[in-house]
Amino acid sequence: MQPDAEHAQEHEHAPADTGASDAQGDVPELHRRRIRSFVTRAGRVSTGQRRALDELGPRFVLPFDTHALDWDAVFGRPAPRILEIGFGMGATTAEIAAHRANDDFLGLEVHEPGVGALLKLIEEQQLSNIRIIQHDAVEVIEHMLPKGSLDGVHIYFPDPWHKARHHKRRLIQPPFVATLASRIKSGGYLHLATDWQNYAEQMLEVLSADPTLANTAADYAPRPDYRPVTKFERRGLRLGHGVWDLLFKKI
Ligand SMILES: C[S@@+](CC[C@H](N)C(=O)[O-])C[C@H]1O[C@@H](n2cnc3c(N)ncnc32)[C@H](O)[C@@H]1O
């Protein structure tokens, strides 16, 4: 799925009024503007996606919660834990999960048609090692994923937010990466891919500057075999566009 960042509204979304105050105690949370990496889109949910959401949602979609996720209970087994942020329509997620049957995958996505699409793939391919949370990844990571709990993180083609004035919306920024890296266990990995050179450069700079991460390559990494080339990516490559993978290890 291609981002529609160019059509993003200029305003940032304020969080819901929880009545809570921030750390300073005098600025109501409602009035602190939170910059999000996505815009809420009223995407059309197809009939098939709706059926999948209704019938499979209760089994595979987990509610957002403020408590740590019990992976072993949710998946019914202890297994390596891989988080994917922004899975789009889920084709890559399903393909990786099918090939890595011994790993468990938690996919985060805010876009409802995408959640429906991945549920359909889960059903078609009889995948039991994927669960989904339809919620902002920043909040899921903060509340549901304890430090050192993940074996790997995948972020593929995150919204590039092309325009300079939108760069603040990009997911890969130092504070977010520091939080995300803290959730990965020592020896675990962080794998990013993008087709936008300027964002690739930002990713390389931000990840390289994080003292808890080490690059597995001199700069950009060869695409690991487990990440399939998407249809969109193949077309781009044919047209001579680049794709950059970044593969870092948690120290
Ligand atoms: C450009 S799309 C890429 C989708 C997919 N990874 C691919 O390679 O086709 C980026 C996706 O990230 C999702 N996204 C952006 N920010 C997010 C956030 N904070 N939490 C969850 N999903 C997010 C968007 O809804 C969008 O579907």
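See the values below:
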| read-out | value |
| --- | --- |
| Some residue of region 54-65 being modelled with pLDDT of 95 or more, away from the ligand (no atom under 16 Å from the Cβ), surrounded by fewer than 17 Cβ atoms within 10 Å (Cβ to Cβ) and within 26 Å of E233 (Cβ to Cβ) | no |
| Single match in W196, W161 (criterion: buried (at least 18 other Cβ atoms within 10 Å of the Cβ) and touching a residue at least 40 places away in the same chain (Cβ under 8 Å)) | W161 |
| Residue list for region 123-166, restricted to those being within 22 Å of E201 (Cβ to Cβ) and away from the ligand (no atom under 14 Å from the Cβ) | K163, A164, R165 |
| Test: residue in region 173-189 that is touching a residue at least 60 places away in the same chain (Cβ under 8 Å), within 17 Å of the chain's Cα centre (by Cα) and within 16 Å of the ligand (Cβ to nearest atom) | yes |
| Scope region 141-158; condition in contact with a helix residue (DSSP H, G or I) (Cβ under 9 Å, 6 or more places away or on another chain) and surrounded by 17 or more Cβ atoms within 10 Å (Cβ to Cβ); matching residues | I141, L145, S149, L150, V153, H154, I155, Y156, F157, P158 |
| Long-range neighbours under 7 Å by Cβ, at least six apart or interchain, first residue surrounded by 24 or more Cβ atoms within 10 Å (Cβ to Cβ) within region 93-116, second acidic (D, E) and assigned to a loop (DSSP other than H, G, I, E, B) | V115/E109 |
| Pairs with Cβ under 6 Å, 6+ apart, first in region 226-251 and of a type outside the set (A, V, I, L, M, F, W, C), second assigned to a strand (DSSP E or B) | D245/A193; D245/A221; K249/Y189; K249/A214; K250/I184; K250/S186; K250/G188 |
| Single match in R100, R44, R50, R34 (criterion: of a type in the set (K, R) and closer than 23 Å to V138 by Cα) | R34 |
| Selection count where residues are touching a strand residue (DSSP E or B) at 6+ places or on another chain (Cβ under 8 Å), among the charged types (D, E, K, R) and assigned to a loop (DSSP other than H, G, I, E, B), scope region 63-85 | 1 |
| Check on A221, away from the ligand (no atom under 11 Å from the Cβ) and in contact with a strand residue (DSSP E or B) (Cβ under 6 Å, 6 or more places away or on another chain) | yes |
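The values are calculated or read from the model by the stated rules, or taken from the named source; none is laboratory data. Quick caveat: nothing in here was measured; it's all calculated off a predicted structure. As a convention, Cβ positions derive from the backbone with ideal geometry for all residues, glycine included, and neighbour counts pool all protein chains shown.
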